[in-house]
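Quick notes on the structure that follows.
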Amino acid sequence: MDSCIAAVLALERHGAGNVAALHAKYGQRTQQREYRAFKEIAEFYGIVRQLVVQLDHFRAIGGSALTDKNIAVPEDKLGAAGPHGSTIPVTYVPFRNAHFLSVAVSWAEAIGAQAVYIGAVAEDSSGYPDCRPEYYRAFQELVRAGTRPETKIEIVTPVITMKKSEIIRRGMELGAPLHLTWSCYQSEDAACGACDSCLLRLRAFAEAGVPDPIPYRRTVAAQR
């Protein structure tokens, strides 16, 4: 959902003919469902230039409930601590967004793009360290140091300080296809309604005062 609204904001600023869409399959539990969402959203907006990459090493690395089926996805525990007393949830994929950004910047430099948009959210999320504003400020410096001198690529995080309910409201104002988005960490037919991502999404729609258009197995109000 956050990535969808980030893409819509990019489209609003640059136009569909100037936007390219990148999707990463990284061995996550809902890999095929997320890919379907990517294709349907890109088709909805007529984004022709697309790149899909397979980052299989995340499954080999493990360490996350999203990529290691031996680690259970927590249910009904919004904001639950990770292993060994860590404040970071077990659904965190170690340093994942750096891999996404590296692919995106490589592609952007190759095709002459001037911005990379990513739907990271810091204020109203699971608290992943690679979703913080300082992370993207640091990565911006890495881009400047690691690309050709004439390359000018801006890392854009348009929803990073927004509450998820604000993201929903903004998406509705822009006519975003929220019904095509997918957030669940573990189900591909109907969203589970119990994982962190589902709970955050359900709470956001409730705060926005609108029904969530995707199917759920159950919908229990999310509480911290």
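The values are calculated or read from the model by the stated rules, or taken from the named source; none is laboratory data. Note that the coordinates shown come from a computational prediction; the quantities given were computed from them, not determined experimentally. Glycine gets a Cβ as well: all are built from the backbone with ideal geometry, and neighbour counts include every protein chain shown. Keep in mind that these areas ignore ligands, DNA and RNA; they rest on the heavy atoms of the full protein, side chains included. Shrake-Rupley method; radii C 1.70, N 1.55, O 1.52, S 1.80 Å.
So the values come out like this:
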quantity: Residue-level accessible surface for Ser3, protein heavy atoms, 1.4 Å, Å²; calculated: 80 Å²
quantity: Trypsin sites (Lys or Arg not before Pro) within the range 65-140, DSSP loop, no more than 15 other Cβ atoms inside 10 Å; calculated: Lys69, Lys77
quantity: (1) 0.99; (2) 1.14; (3) 1.53, with the label sought being that of the calculated Cα Rg over 2.2 N^0.38 Å; calculated: (1)
quantity: Estimated [θ] at 222 nm from DSSP helical runs (n ≥ 4, -39500 (n - 2.57)) normalised by residues in the chain, nearest 500; calculated: -12000 deg cm²/dmol
quantity: Carbon plus sulfur fraction of accessible area for the chain, probe 1.4 Å, in percent; calculated: 51 percent
quantity: Probe 1.4 Å, protein heavy atoms only - accessible area per residue of the chain in square angstrom; calculated: 49 Å²
quantity: Whole-angstrom gap from the range 114-135 to the range 153-224, using each part's C-alpha centre; calculated: 16 Å
quantity: The chain, relative contact order [Cα under 8 Å, separation at least 6], %; calculated: 24 percent
